[in-house]
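Below: one structure, written as structure tokens.
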Amino acid sequence: MMLSMSFMVSYILTMLTMLSEIIVPFGYTDNDASAFGFWITLIGNLGGVTAAFIIGRTGHYKYTTIGLTILTIVGTIIFHLCVRCIPPAHGYWPVFISLIFVCFMNMGVQSYCMEYAVKLAPDIGESLSGGTIIQMFNLFGYVQLRLIEVFTKGIKNKKDIMGSVMVSNYVVLAAALVIILFVKKDSLKD
């Protein structure tokens, strides 16, 4: 379960890192990317509070993660289509709303992932168990960014870079979903 959650968090870190490279070639500005990044991070934190509340009430880590992963994939597809198919003059709000949706769904995983790690290893301590998970997020995000760099090295058309970034994102999200589907226990109580 921790591996799936780590993929989910590394996906959003990569997405936020590459946001400008994804949308600027389609007519958006770096200022648009900055504004999107600020607001989606802020609203994503509300998603974290919401997900933590749901987990607190139900204790269902697996099913919550499956739902959030599927909704993140749907939101990412909508974002991808909005950027690619709608000019910025008409697409600003659809792109912005789809990003808000993605971050609201995805960033919730980060908050309860830390809680899950701490509960999974109660004798270790929060700084070590939580810190280890953060290192996994960062490692997977770094690897994803390096792979994107390798795959986009020879690409001349900036719009084609978005395709490589999005394929990478879809692979990470699909891996997160497949991994979580094979987890047998839904909660720490099972």
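All of the numbers you see were taken from the coordinates with simple rules; none came from a lab. Predicted, not measured: the structure shown is a model, and the values here were computed from it. Note that we place each Cβ from the backbone using ideal geometry, even for glycine, and neighbour counts take in every protein chain shown.
Report the FRET efficiency, 1/(1 + (r/R0)^6), for Asp30 and Asn138, where r is their Cβ-Cβ distance and R0 is 22 Å, rounded to 0.05. Once the sixth-power term is evaluated, E becomes 0.35.
Per-residue Cβ neighbour counts within 10 Å put Glu149, Glu21, Glu126 in the sequence Glu149, Glu126, Glu21, beginning with the fewest.
Two decimals, Cα atoms only, Kirkwood Rh: what is Rg/Rh over the chain? Intermediate results must be reported in sequence, preceding the final value.
Values: Rg = 16.8 Å, Rh = 17.0 Å.
Using Cα coordinates only, the ratio equals 0.99.
With neighbour counts taken as other beta-carbon atoms within 10 Å, the residues Lys185, Lys158 rank, fewest first, as Lys185, Lys158. When the P(r) is computed for segment 77-132, the part past 15 Å accounts for 59% of the Cα-Cα pairs. Taking every lysine pair in the chain that is 8 or more places apart or spans two chains, those with Cα atoms closer than 13 Å amount to 4.
Sorted from fewest to most neighbouring beta carbons within 10 Å, what does the list Trp39, Trp93 look like? Walk me through the numbers before you get to the answer.
Values: Trp39 14, Trp93 10.
Ascending Cβ contact count within 10 Å gives the list Trp93, Trp39.
Its Cα gyration tensor gives segment 39-106 an equivalent ellipsoid. The semi-axes, each the square root of 5 times an eigenvalue, are 27, 13, 5 Å from largest down. Taking every DSSP helix (H) stretch of at least 4 residues in the chain, weighting each as -39,500 (n - 2.57) and dividing the sum by the residue count yields a mean residue ellipticity at 222 nm of -30000 deg cm²/dmol.
What does the convex hull of the Cα atoms of segment 1-83 come to per residue, in Å³, rounded to a whole number?
84 Å³
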